[in-house]
Amino acid sequence: MALKALDIYKLLPKKNCKECGDPTCLTFAMKLASGKADIDLCPYLDESAKSVLGATTRPPIRLIKLGVGERSFSVGEEFVLYRHDKTFYHPPGILFKVFDTQSSEEITQVTKRVRDEVFTRVGTDLRFNGIAIENSSGTVEAFARAVATVEENADLPLVLISKDLEAFNAALIQVGSYRPLIHSATKENFREMCALAKKHSCPLVVKANGLDNLIGLVKSCGEEGVKKMVMDLCPQSLGDYLSLSTAVRQLAITRAVPDLGYPVFFDATHPNLQDAAIALGIVKYASVIITPPLSEESAKAAHTLRQNIYTDPQKPIQMNPGLYRVGIPGKDAPVLMTVNFSLTFFTLEGYLESSKIPCFLLIVDTEGLSVLTAVAAGKLNETLVRDSLKKFEVEREVSHKKLIIPGYASPLSGRIEEATGWKVLVGPRDAAEIGEYLHEEWNKLKK
Amino acid sequence: MGYDLKFGWTGTVGRITLGATVAEGGTRKTSYQIGGGTTLPFLDNNLSSSMPLVALEICDNPEYWSPIIRRFCGDLVNSADDWAKTAETAYGADLIRLYLTSTRQRNFSDISSVGKTVESVLSKTGLPLIIEGSNEPRIDSEIFQKCGESGEGEKLLLGTAEASRYRSIAAAALAYNHSLIAQSPIDVNLAKQLNILLKEIGVQRDHIIIDPYTGALGYGFEYSYSAIERIRFSALKGDSDLAMPIICSAIDSLNIKEVREADQARQDEMAVQWEFYTGIAAAVAGAEIICVRHPKTIGMLKSAFASINKKIDLTGVK
Ligand code: B12
Ligand code: SF4
């Protein structure tokens with residue numbers, strides 16, 4: 001079914017005008033062939049080319065951007081049901097929900113939290129992604145006021161939730177140009193909601209009970225000219241969500257039902273089951289998750305699960321091998337060796353920083369494997385250590401030839417000594433003990 | 001339009017029985033049949049036993065246990081049998097997983113005490129029991145033998161067989177008709193190899209549970225998650241050497257930095273959330289038994305599983 005780049009190229013206008021964002025029609029064709037672009041990006045395609053290319057070239061799940069500016073994020077453009085088949089590309093946005101019945105202090109507080117809170121893991125800054133504002137008061141004024149409160153405090157992606165067109169109008173006058181996601185078009189109101197979405201070029205949540213109704217509504221909204229959609233599957237239970245989101249993902253990526261090729265919206269507000277809903281949404285195909293503000297503990301666990309599930313299974317997060325410095329080490333500072341798995345590096349670095357002993361950290365290329373894993377796989381060996389010492393010119397930096405290796409690499413200590421001519425000291429297994437070890441052992445050695 | 005969530009799979013995850021009631025020749029109040037899945041977890045429409053079970057991990061020498069649990073459980077940690085009983089009556093566990101940490105003391109040789117511990121735990125709780133034997137190859141044979149014997153008739157689950165040491169545990173399982181846990185380091189092929197080794201020495205498929213090794217959330221869990229999914233698919237695709245239920249225990253969860261360094265007053269909550277998020281994800285990927293160490297995680301997981309297990313009637317979706 002998929003077309004080759006050249007076949008696609010033949011159908012393009014060959015103007016090389018760059019308006020699609022690609023330098024030439026050919027590069028655009030290559031993107032289309034791999035499902036990484038949407039034909040709508042080329043304004044000069046004629047109808048017949050459009051109908052040929054149509055559903056076969058665009059990504060099976062459309063890429064939808066929420067918000068503008070630094071904190072904006074995109075979701076969709078996923079290709080697989082299981083991460084081990086390739087990888088998951090676009091982590092779900094998790095947005096905190098506020099109600100327009102809350103005081104502006106409360107709303108401000110949540111907004112500032114999402115604006116400022118950062119959880120740094122493995123060198124990556126993890127944040128929540130935006131604010132969802134619900135028109136629970138039912139009044140236009142309260143909604144407009146709540147939206148204004150959020151807007152005054154931060155430039156964050158927003159989801160606006162209401163059943164009232166007037167309320168949307170009042171809110172969108174203030175924030176329409178920031179492309180909030182508006183929730184939602186239903187079979188009753190979709191014409192008006194589509195008009196609103198088009199007027200402000202906002203992405204639109206399309207909400208229907210049951211897949212057939214959803215498909216019908218997506219079609220109708222498409223006919224109204226709306227292209228940026230996100231789907232609310234109306235689950236009644238977590239089980240419902242799991243079945244529906246799995247079905248939608250499967251039908252979309254196989255292109256069996258191209259109309260389901262949009263990201264999924266999931267409201268995780270389930271009394272007592274909020275964390276379960278978030279965990280489920282993260283692993284099972286949600287792209288926009290809204291939830292009441294999470295406790296610190298839930299927040300960290302949710303961030304970490306999202307980070308884990310959305311790393312490429314083929315490529316661990318890695319550091320560039322090399323000689324790193326902690327503090328300002330002198331010629332007599334210790335040299336510690338470790339692997340280039342990011343998690344290992346950042347764990348170790350954290351403890352080294354708190355030990356307050358300046359040192360050198362030699363990171364060797366174990367292709368992103370942790371210490372134990374690299375030892376078990378034979379990736380960490382004496383030749384690698386010898387070559388790395390040479391390559392990164394460690395001898396020029398220090399006046400001694402002593403190398404501290406991880407406790408888990410102790411079986412290699414003799415061989416490393418032989419291969420490198422350096423004296424090998426076996427450090428502790430757990431990085432938490434590195435400070436104590438350096439204070440005692442290294443200082444003893446220096447004397 | 002109806003839609004098919006079976007994806008054309010032909011295989012079935014094998015069933016295994018844990019625990020034996022009086023009628024079944026044991027003394028347990030309940031026994032479980034796990035496995036039997038024919039599609040992705042929770043998507044089977046008419047399966048009574050597809051809810052994952054939650055096991056509380058306890059031990060007989062708390063010296064080796066997380067200080068968080070020692071603080072939370074108080075004196076209970078000093079008597080495995082009362083701890084097990086509380087797990088059943090107050091914490092709501094489905095299963096008990098007893099680690100014989102007492103055997104980790106240097107030169108441990110008091111094998112008979114192990115038998116007594118197993119018997120007293122069995123007598124104080126009516127839940128099926130998982131037993132983790134020694135960590136020391138030298139005493140494996142005697143320890144597993146003793147566990148097997150002390151739990152004869154109870155359909156225990158014995159742990160943990162690995163490629164480098166599986167004979168003693170297999171011998172005990174075979175002699176006393178228990179099941180065993182087969183663990184391999186996060187790799188479908190290694191899991192399969194170990195199951196074949198076990199098959200060759202006579203352990204039946206319906207007596208094996210796969211432990212794919214679970215890295216803690218943030219510390220390798222993503223690999224475990226995918227390993228679980230892949231084992232499940234292999235089973236569904238018809239590979240009988242991988243068609244066993246899966247057990248998951250992210251043992252290191254309570255030692256990781258985020259939990260260890262949490263504010264003392266909030267440490268329990270951090271531990272619980274870490275176990276909880278891991279448990280949900282592992283169950284959705286395909287684990288039939290989720291092991292936890294914090295009692296408060298149990299109830300949360302069970303109510304979440306109940307909600308995830310509540311399915312729409314797919315035929316009704318029009
Ligand atoms: C995730 C994981 C994997 C992932 C790889 C992850 C990665 N990027 O490395 C995958 C699934 C690919 C994997 C594969 C394998 N794995 Co593996 N894996 C793990 C697991 C669960 C976690 C590893 C981890 O991330 N640790 C966290 C990092 C931060 O730890 P670390 O690098 O050791 O760093 C710590 C210390 O070493 C110390 N430290 C680090 N640097 C330094 C430096 C100095 C100077 C000092 C003092 C200290 C220090 O500080 C850190 C924090 O304390 C471990 C089990 C475990 N709990 O360790 C098994 C484990 C390491 N794997 C194991 C095995 C056998 C394998 C395989 C050989 C099996 C196979 N499938 O074929 C393969 C080998 C890889 C290959 N052939 O490609 C075994 C090793 C057995 C042994 N004792 O030798 C383990 C222990 C599991 C087990 N119990 O069987 N694995
Ligand atoms: S916009 Fe269309 S015509 Fe212009 S370069 Fe891109 S593909 Fe070619």
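Look at A:Glu223 and say whether it is free of Cβ contacts under 8 Å to residues at least 12 places away in the same chain and within 11 Å of chain B (Cβ to nearest Cβ).
The answer is no for A:Glu223.
Look through the range A:189-211, keep the residues that are at pLDDT below 95 and within 14 Å of chain B (Cβ to nearest Cβ), and return whichever of them is surrounded by the most Cβ atoms within 10 Å (Cβ to Cβ).
Per the stated criteria, the residue is A:Leu211.
Would you confirm, using the coordinates I've provided, whether B:Gly19 is of a type in the set (Gly, Ala, Ser), at pLDDT 95 or above, surrounded by fewer than 19 Cβ atoms within 10 Å (Cβ to Cβ) and at positive phi?
Taking the combined requirement at face value, the residue does not satisfy it.
Only one of A:Ala419, A:Ala409 is in the same structural domain as A:Ile328 (by TED's automatic domain parsing), part of a helix (DSSP H, G or I), farther than 21 Å from B:Gly218 by Cα and in contact with a Ser or Thr (Cβ under 7 Å, 6 or more places away or on another chain); which?
Within the list A:Ala419, A:Ala409, the selection yields A:Ala419.
Return the residue satisfying two criteria in turn: it lies in the range A:308-338 and is away from chain B (no Cβ under 14 Å) and of a type in the set (A, V, I, L, M, F, W, C), and of such residues it is surrounded by the fewest Cβ atoms within 10 Å (Cβ to Cβ).
Of everything passing the filter in the range A:308-338, A:Ile328 is surrounded by the fewest Cβ atoms within 10 Å (Cβ to Cβ).
Only one of A:Val110, A:Val118, A:Val52, A:Val98 is within 16 Å of ligand 2 (Cβ to nearest atom) and away from chain B (no Cβ under 14 Å). Can you tell me which?
Sole residue among the options that is within 16 Å of ligand 2 (Cβ to nearest atom) and away from chain B (no Cβ under 14 Å): A:Val52.
Identify the single condition in (1) over 20 Å from B:Trp65 (Cα atoms); (2) crowded, with 24+ Cβ neighbours inside 10 Å; (3) touching a strand residue (DSSP E or B) at 6+ places or on another chain (Cβ under 6 Å) that B:Phe144 does not satisfy, given that it satisfies every other one.
All conditions are met except number (3).
Looking at the range A:55-75, which of the residues that are in contact (Cβ under 8 Å) with a residue 24 or more places away in the chain and of a type in the set (Gly, Ala, Ser) is nearest to A:Ala197 (Cα to Cα)?
By that ranking, first place goes to A:Gly67.
Of the conditions (1) in the same structural domain as A:His400 (by TED's automatic domain parsing); (2) within 16 Å of ligand 1 (Cβ to nearest atom); (3) not polar (S, T, N, Q), A:Lys315 clears all except one; give me its number.
(1)
Specify which of the listed residues (A:Leu380, A:Leu372) is within 14 Å of another protein chain (Cβ to nearest Cβ) and either within 7 Å of ligand 1 (Cβ to nearest atom) or not polar (S, T, N, Q) (or both).
A:Leu372
Tell me which residues, restricted to the range A:174-200, are without any contact (Cβ under 8 Å) to a residue 24 or more places away in the chain and closer than 24 Å to A:Thr111 by Cα.
A:Ile182
If you check every pair at least six apart or on different chains, which have Cβ atoms under 9 Å apart with a residue in the range A:342-355 that is within 9 Å of ligand 1 (Cβ to nearest atom) first and a residue that is of a type in the set (Lys, Arg) second?
That search, which allows pairs on different chains as well, returns A:Leu343/A:Arg121; A:Phe346/A:Arg121; A:Thr347/B:Lys257.
Inside the range B:252-284, can you point out the residues that are more than 7 Å from chain A (Cβ to nearest Cβ), farther than 17 Å from A:Glu296 by Cα and hydrophobic (A, V, I, L, M, F, W, C)?
Those that are more than 7 Å from chain A (Cβ to nearest Cβ), farther than 17 Å from A:Glu296 by Cα and hydrophobic (A, V, I, L, M, F, W, C): B:Ala282, B:Ala283.
The values are calculated or read from the model by the stated rules, or taken from the named source; none is laboratory data. None of these values were measured; they are calculated from a predicted model. Every residue, glycine as well, gets a Cβ built from its backbone with ideal geometry; the counts of neighbours run over all protein chains shown.
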